[in-house]
Each structure stands twice: as structure tokens, then as C-alpha cells.
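Take a look at the structure set out below.
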Amino acid sequence: MPAAGTSVILGVGALLASVLIATGAAGEDPAAPLAAPIAPIETVPGMPPVADARNLYSETGPTHLSPSVGDHLERVYVPNLRSNDVYVIDPASMKVVDKFKVGIGPQHIVPSWDMQTLWVANNAERRPDGSLTPVNPRTGKPGTSIAVDDPYNLYFTPDGTRAIVVPEKFSSLDFRDPHTWALIKRVKLPCLFPNHMDFTADGSSLVVSCEGSGQLVRVDVATMEVAGVVPAGKSPQDIRLSADGKVFYVADQDLGGVEIMDAATLQQLSFLPTGAGTHGMYPSRDAKQLYVSNRLAGTISVIDYASRQIVATWPVPGGSPDMGGVSADGSQLWLSGRYNSEIYVINTATGALKRIPVGKGPHGLCLFPQPGRISLGHTGNYR
């Protein structure tokens, strides 16, 4: 343990600290190795700076709720794929308080980059049936839908200048204006059925999973060009960058586990078996753990970021836990029950389970608002 005052000395500068440690003046063992300095991360212009290079999610902690969402209703929005509607749940009472019809095949509900609109992605393959339905988070009410080709999923570039619609059936990414939804560029991918993505720590590139061909594709965000492709299991689903930005976790539903891929090279480092139908992944509010849903096994695996090992498994008897998010205070994990017309609320301290009935085929539910400065898309990927 450093002697009293060491933290103050370290704040003066790395050079002074190294001299003190080398001579033992600060009470440290002179033979002890020096900790490698943490290099700052230079983000792309327009993306908020990384406050802590050791924890990319430091600004999504419980105390970091943006003032811009202060007047938003605390609600859980559930898109029901087979009944073409959205159920609205009050998380305080855990009761359904509203429901409304949307377009055909609603898959995910996605907060906009500035977190001022929620977008329901209605996955019908082509115009005019494919659409995005805006929801006002201040009222919880929907607006007029906008025709968009096959919006299975939706993301935003880290600078907020472009939306990225994922038209799964077209095996491409559609970069669009996030206000008018005009197409900027359709990027054809060298893979089949893209679905989920995440961004590198600096926001310069994205990595998208392709469930139909077992691949990951890297795309340069600035040029909107494919920058690489690698094999990744059998059917990769959700993908999440680790808190330190060093690896991507990739859920593979056919392999029943999580592949850990080097973020720079996209080479697989290890594989963690979690359970059949591995699908959704969500960082804990303190960014120390990753919650992984196994929708065919009916379980949730808890992975420790530091050790990259499974430290707990929570059962959902007879259930099909799928997509969702973590409550603002981190005490609850909310997930849809894809094949059971229900929602699961899991206590993150104990794994205790509650169920709420909803519509048919619930999928990418959105728990809102949540802490963070920007939304990168999906059901709530914040930085």
C-alpha cells in the first residue's frame, strides 16, 4: 500500500513519481516494477472524450444521468414482434400502463444519439412497410412512422452526424441522415445477415456481427468502407466492447457461449461456454461485470471483466431471456422473454426473478432513461 501522500505526489507528474519510487522515498519497494502509464484515448471529432481510459463506461455510472433527460418518464418500452405493438411498463409499479400499435415486425427500441427520441425499428423488409416509429420519452407516446428499408436494428455514429440502419436481409449497413432519414450510403457487407454492432474506444471504426455467415466485419466510420472481415463462430449475435477497450465480447447463439476477440486484430483469444442460445449482453452499472442472456438455456451468465471468467449463473425457469438493459441505479436487469410473452426483472445482487406479462414475441426492450452522454444505438449502448 502506498504511503500517505503518494497519490498527491503522483498527481505532480510521472517523472517525479518514478524518481521517488526508484529511491524508495515514497515508502515503496525500490525493486517493485512501475505500473505502465495509461495512454489517453483520442476520440474522433464530435464524440465526447473518454474520461477514464481504464473504463470506457465511467460516464454511464448511476450518478451520471444527463440533465437533458431529467424530464423524461421512467418507463420500459417493449416491442412485441408478433403482435406489432409496444407495451409500456412503469418500472416503479412493474405494471403495464400503456400500449400502442406500430409498424410490422418491431424488433428493437433505440434511443437517439442525443437521447431525445426513442425509435421503434419495424423490421418489414421493404418500403412502405419497413419503418421507424418515433416515441416521445417525455410523454411515452408515439409519433408518425417514417418509411425506411428493413430496419432490423439501429445505431448512431459516435459524433451523432449519421444514423446506421441495419437492413439485415440486404446484408448491408445504411448510413442515413438522423433527422431526415435520407440515405447517405449503403455499404454492402461481405457477409450474411448483419445484426448487432459496437464501436472501438476511439469511435473510429465499428464491428458488426453477421449471424448468417459466422463473421465479424470492421467498417471505417469516416469513410463508410469495409476495413476487414474475420470468421467468428457459427452465429454471432450481440457484441460489446470491454470496459478497458481491449476486447470485444461476441455472443454466439449456435455455439452457446461468448467469444472474446482482440479489439485491434479481431482474433479470438478465448471462448466461454454460457448456455444454449446466447444472445444479449449488458455491462453492469459499475462496469465490472457483463450480463449475458442465454435464451434457449433459460439462464443469465455473469462475466467478470477483470478475470474474463463466469462468476455466476442466474436461472430463469422455463423462460427465454433475450434483450434489454440495466436500470439506472444498476440494481435490476430487465430482459424480454422472447418466446414466452413476458418480461423478466432480475435483481443484480441476488439473481432473484420477477415476471411481467406482455404481448406476443417481445424482443429488444428499452429501459429509459439511463445514464450517459450519448447513445450509440441498439437498446441502450451509452458512452
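Okay, here's what the table says:
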{"quantity": "Length released on extending from Asp71 to Asp98, taking residue separation times 0.36 nm less the Cα-Cα span", "calculated": "7.9 nm"}
{"quantity": "When the convex hull of its Cα atoms is projected in every direction, mean area for the chain (nm²)", "calculated": "19.2"}
{"quantity": "Residues whose placed amide H lies under 5 Å from that of Val110, excluding near-sequence neighbours", "calculated": "Trp119, Val120, Ala121"}
{"quantity": "Proximal lysines relative to Lys246, as straight alpha-carbon distance under 30 Å, when same-chain residues fewer than 8 apart are discounted", "calculated": "Lys185, Lys188, Lys234, Lys288"}
{"quantity": "Positive minus negative residues near Ala251 (Lys, Arg vs Asp, Glu; Cβ under 9 Å)", "calculated": "-2"}
{"quantity": "Radius 15 Å from Cβ of Ser204, net charge of other residues (Lys, Arg +1; Asp, Glu -1)", "calculated": "-3"}
{"quantity": "The range 111-183 shape via C-alpha gyration tensor axes, a/c threshold 1.5", "calculated": "oblate"}
{"quantity": "Cβ-isolated cysteines (cut-off 4.7 Å), the chain", "calculated": "Cys366"}
{"quantity": "Sequence-distant residues sharing a close amide H with Gly377 (under 5 Å, placed H)", "calculated": "Phe156"}
{"quantity": "Additional length obtainable on full extension of the chain from Thr161 to Met224, 0.36 nm per residue less Cα span", "calculated": "21.4 nm"}
{"quantity": "D_trans [Stokes-Einstein, Kirkwood Rh over alpha-carbon pairs] for the range 235-383, 37 °C, 0.692 mPa s, µm² s⁻¹", "calculated": "218"}
{"quantity": "Tilt relative to the chain, helix 14-23 - C-alpha long axis, 0 to 90 degrees, to 10", "calculated": "50"}
{"quantity": "Projected label distance in nm at Thr180 and Thr63, using a 7 Å step from Cα toward the beta-carbon", "calculated": "4.4"}
{"quantity": "Residue among Ile310, Ile343, Ile38 with the largest mean-square fluctuation in a Gaussian network model of the chain, springs linking Cα atoms under 10 Å", "calculated": "Ile38"}
{"quantity": "Cβ-defined net charge surrounding Arg308, 14 Å radius [Lys, Arg +1; Asp, Glu -1]", "calculated": "-1"}
{"quantity": "Calculated FRET efficiency for the pair Ala306/Asp202, C-beta based, R₀ 22 Å, to 0.05", "calculated": "0.45"}
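We did not get these values from a lab; they are worked out from the coordinates using the rules stated. Computed from a predicted model, the values in this text were never measured in an experiment. We place every Cβ from the backbone using ideal geometry, glycine too, and count neighbours over all the protein chains shown.
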